[in-house]
Amino acid sequence: MNPTAFKDHFSGPAAAYAAYRPRYPRELALFLAQISPVCSRAWDCGCGSGQLSELLAEFFEQVVATDASARQIAEARPYPRVEYRCAPAEESGLAAHSTDLISVAQAVHWFDLDRFYEEVRRVGKPGSVLALIGYGTMEVEGVQALVHAFYDGILEPFWPAERRQVETGYRLLDFPFTPVPVPSLQMNAAWDLAALMGYIGTWSAVQALEREKGPAPFQAFGRALRGAWGDPDTSRRVSWPLFVRAGRLPPS
């Protein structure tokens with residue numbers, strides 16, 4: 001598979017993605033390490049610019065982080081024990097039976113799932129773990145009604161169909177692996193207005209909206225949000241519910 005053949009919603013805003021996408025909690029990486037048979041090698045697939053890869057490196061001897069977007073990989077900063085590679089999820093280039101954990105954060109809904117699962121079975125060691133990770137719609141202190149109106153109203157026609165899988169917590173995805181229980185997890189941030197607008201600007205639906213209607217709708221949303229925010233340097237609490245579907249490969 002040619003890496004350029006995937007549905008690429010993220011190469012364009014790659015720099016903004018690296019700057020504004022939220023960071024996963026350390027507790028997520030610790031949980032993934034605890035359910036892995038050993039912590040020799042993790043494959044962080046669809047890694048973007050390394051938001052989860054860096055956390056995994058605290059617990060794994062090596063993290064191979066791959067993404068089909070060369071521009072996303074270019075935005076990842078060098079980090080100890082993390083090796084970044086440009087490769088599609090379905091053809092990782094990793095050796096057979098070489099990984100203890102395969103993680104996919106906020107990306108599996110873009111994959112050819114059947115082919116990806118074939119690659120998981122090829123690359124994973126016996127008893128290794130696959131973890132599909134995502135986060136739901138954010139809650140923003142004090143301005144939630146405005147954010148939801150933009151997300152569910154103006155943007156509704158512009159969300160790709162795959163977004164449905166995120167909104168249902170990946171529960172509708174076929175998942176032919178032995179389930180592993182997952183604790184309740186949440187992602188939190190304290191953001192000023194610029195950080196929030198930067199993050200929202202990375203959404204695939206915003207990119208589609210601007211391609212069709214230009215920048216005016218997003219700018220109008222920004223003005224309304226500024227009016228409700230007050231001092232733009234004031235930080236507000238932002239939170240996302242994290243969900244994980246974790247499963248174990250057969251022991252042999």
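FYI, it's all coordinate maths here, none of it is from the lab. The structure presented is a predicted model; accordingly, all values stated were derived computationally and were not measured. With ideal geometry, Cβ positions are generated from the backbone for all residues, glycine too; neighbour counts draw on all protein chains shown.
Just need the relative contact order of the chain here, percent rounded to a whole number, with Cα pairs under 8 Å and 6+ apart.
23 percent
Give the dimensionless ratio obtained when the Cα radius of gyration of the range 155-200 is divided by 2.2 N^0.38 Å.
1.64
Quick check on the chain: of the DSSP beta bridges with both residues there, what percent are antiparallel, nearest 5%? Present the calculation step by step, with values, prior to reporting the outcome.
Numbers: 19 of 39 bridges.
Percent antiparallel among DSSP bridges in the chain is about 50.
Taking the alpha-carbon centroid of each part, what is the distance from the range 174-252 to the range 115-162 in angstrom?
9 Å
Calculated from DSSP H runs of 4 or more alone, at -39500 (n - 2.57) each and per residue, what is the 222 nm mean residue ellipticity of the chain, nearest 500?
Value at 222 nm, helices only: -8500 deg cm²/dmol.
Hey, what angle do you get for helix 113-123 against the long axis of the chain, alpha-carbon based, 0 to 90 degrees rounded to 10?
40 degrees
If I build a Gaussian network model for the chain, linking alpha-carbon pairs within less than 10 angstrom, which residue out of SER128, SER103, SER204 has the largest mean-square fluctuation?
SER204
Taking the Cα atoms only, what angle lies between the long axis of helix 26-35 and the longest principal axis of the chain, rounded to 10 degrees?
20 degrees
Ratio to report: Rg/Rh of the range 51-127, with Cα atoms as the point set and Rh obtained by the Kirkwood method; give two decimals.
Looking at the range 51-127, the ratio lands at 0.93.
Using just the C-alpha positions of the chain as equal point scatterers, what log10 of I(q)/I(0) does the Debye formula give at each q in 0.14 1/Å?
-0.94
Placing +1 at every Lys and Arg Cβ and -1 at every Asp and Glu Cβ, with all other atoms neutral, what dipole size does the range 154-200 have around its Cα centre, in debye to the nearest 20? Kindly include the intermediate steps, with their values, before the conclusion.
On the way: 3 positive and 5 negative charges, 22 e Å.
So the magnitude is around 100 debye.
Give the share of C-alpha pairs in each 5 angstrom bin for the range 86-225, from 0 to the last occupied bin, in whole percents, shortest bins first.
2, 8, 16, 18, 15, 13, 11, 9, 6, 2, 0
Quote to one decimal, in nm, the extra length available between GLU91 and GLU156 on full extension: 0.36 nm per residue of separation minus the C-alpha distance between them.
20.1 nm
Of the trypsin sites (Lys or Arg not before Pro) in the range 136-184, which ones lie in a loop per DSSP and count no more than 15 other C-beta atoms within 10 Å?
ARG171
For GLU118 and GLN186, compute 0.36 nm times the residue count separating them, minus their Cα-Cα distance, and round to one decimal in nm.
21.5 nm
For the range 94-141, divide the Cα radius of gyration by the Kirkwood radius and give the resulting Rg/Rh value with two decimals.
1.12
Helix 216-229 versus the longest principal axis of the chain: what angle, 0 to 90°, nearest 10, using Cα atoms?
Helix 216-229 sits at roughly 80 degrees to that axis.
Roughly how many nanometres apart are two label points built 7 Å out from the Cα toward the Cβ at ARG211 and ALA194?
That separation, rounded to one decimal, is 2.9 nm.
Just need the relative contact order of the range 135-245 here, percent rounded to a whole number, with Cα pairs under 8 Å and 6+ apart. Numbers along the way, then the final one.
Numbers: 113 pairs, mean separation 57.7, N = 111.
Normalised by residue count, the contact order of the range 135-245 is 52 percent.
Restricting attention to the alpha-carbon atoms of the range 29-168, what are Rg (one decimal) and Dmax (integer), both in Å?
16.4, 50
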